[in-house]
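For reference, the structure is listed below as structure tokens.
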Amino acid sequence: MLRRVTVPVLPAGADPMRVLHISDLHLTPGQQDKVAWVRSLAETEPHLVVNTGDNLAHPASLPVLLRALSPLLDTPGVFTLGSNDYFAPQLRNPARYLLPDSRTPGSHEAAPDLPGRELRAALIERGWADLANARAVLDVDGRRVSVVGAADAHMDLDEVPPARAVDRPDDAVAHLGVTHAPYQRVLEAFRADGVDLTLAGHTHGGQLCLPVWGALTTNCDLDTRRAKGLHGWPGARPDEDPGSMWLHVSAGLGTNPYTPVRFFCRPEATLLTLVPR
């Protein structure tokens with residue numbers, strides 16, 4: 001499904017800006033229906049595309065993924081990759097995801113077995129900015145947007161870079177944060193950096209949710225009520241608390257192929273329309 005939300009972060013009088021957020025495709029070569037649906041997202045005519053990682057789930061998925069993203073790659077874009085862009089998913093007890101930390105010690109110390117490096121190079125070649133512990137200033141619909149990113153906190157690779165004056169131009173209409181896994185330390189670093197809106201994935205929206213109750217886990221230290229959707233961080237919405245920032249967590253488009261089940265949690269991409277405060 002395509003979720004649509006409105007986020008008031010732009011200066012007064014600014015025209016709306018459309019940001020397409022895609023995450024957690026976990027794509028395998030045979031998922032042609034998913035490929036076709038992702039390609040159709042170009043019809044939303046976004047001004048900016050944000051990809052928050054975990055795109056791959058098979059060593060042969062890269063050409064299929066690039067075909068899926070192809071109609072979007074001429075649009076300004078940013079990305080930060082997740083562990084499943086480098087390390088193939090493993091068959092394991094699904095109940096591990098209900099633990100506070102589902103990681104297996106040493107699981108990411110082996111050599112990568114997915115083409116994450118090639119994916120990174122292909123996206124950079126098409127003009128998308130890699131935000132793994134990096135910053136960028138983008139021309140989006142004739143306006144400047146500053147962005148800061150963190151590498152995958154689920155692999156303990158996050159290190160938000162210090163800001164320089166050139167990273168935060170006075171005429172930037174918004175300051176965005178981008179990360180794969182929304183660990184609290186990353187969110188706090190972004191909030192301290194003055195981020196208006198952070199975009200993240202990783203949680204799969206809880207993947208297995210209960211009616212009324214919602215998500216049982218986020219697979220990180222983010223609270224379950226923020227497992228997906230638009231929220232304020234750390235508490236109230238920014239229009240109620242100027243010390244907060246907006247946080248959008250995508251429930252994502254895929255799952256680990258060994259646990260291809262969602263319950264009360266539909267796969268999604270999101271079109272965020274940024275409007276004046």
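Laboratory data are not the source of any read-out in this text; all were calculated from the coordinates shown. Quick caveat: nothing in here was measured; it's all calculated off a predicted structure. When we count neighbours, we look across all protein chains shown, and the Cβ atoms used for this are built from the backbone with ideal geometry, even at glycine.
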Work out the length of the dipole vector of the chain about its Cα centre, built from +1 on the beta-carbon of each Lys and Arg and -1 on the beta-carbon of each Asp and Glu, and round it to the nearest 20 debye.
620 debye
The chain: longest segment with zero exposed GluC sites (Glu not before Pro), where exposed means DSSP loop plus at most 15 other C-beta atoms within 10 Å, is residues 1-108
From the convex hull of the Cα coordinates of region 139-252, what is the mean projected area in square nanometres?
7.9 nm²
Residue by residue, what Karplus-based ³J(HN,Hα) values in Hz, rounded to whole numbers, does region 48-55 have, using 6.51, -1.76 and 1.60 with θ = phi - 60° and x for Gly and Pro?
8, 10, 10, 10, 9, x, 6, 7
Report, in deg cm²/dmol and to the nearest 500, the calculated mean residue ellipticity at 222 nm for the chain, where each DSSP H run with n ≥ 4 adds -39500 (n - 2.57) and the sum is divided by the residue count.
-3500 deg cm²/dmol
What number results when the radius of gyration of the chain, computed over Cα atoms, is divided by 2.2 N^0.38 Å?
0.93
Once phi is turned into θ = phi - 60°, what whole-Hz ³J(HN,Hα) does the Karplus curve with 6.51, -1.76 and 1.60 give for every residue of region 203-218, x standing for Gly and Pro?
6, 6, x, x, 6, 10, 10, 10, x, 6, 5, x, 5, 9, 7, 10
Take the alpha carbon atoms of region 191-277, find their radius of gyration, then divide it by 2.2 N^0.38 Å using N residues; give the quotient.
1.15
For the chain, whose charge dipole is built from +1 on Lys and Arg Cβ atoms and -1 on Asp and Glu Cβ atoms, the candidate among Gly252, Ala215, Thr80 with its Cα farthest towards the positive end is Ala215
Fewest to most neighbouring Cβ within 10 Å: what's the order for Thr224, Thr6?
Thr6, Thr224
Dipole of the chain [Lys/Arg +1, Asp/Glu -1 at C-beta], most positive-end residue of Ala14, Val261, Val50
Val261
Which of the chymotrypsin sites (Phe, Trp or Tyr not before Pro) found in region 175-277 are loop residues per DSSP with 12 or fewer other Cβ atoms within 10 Å of their Cβ?
Trp213, Tyr258
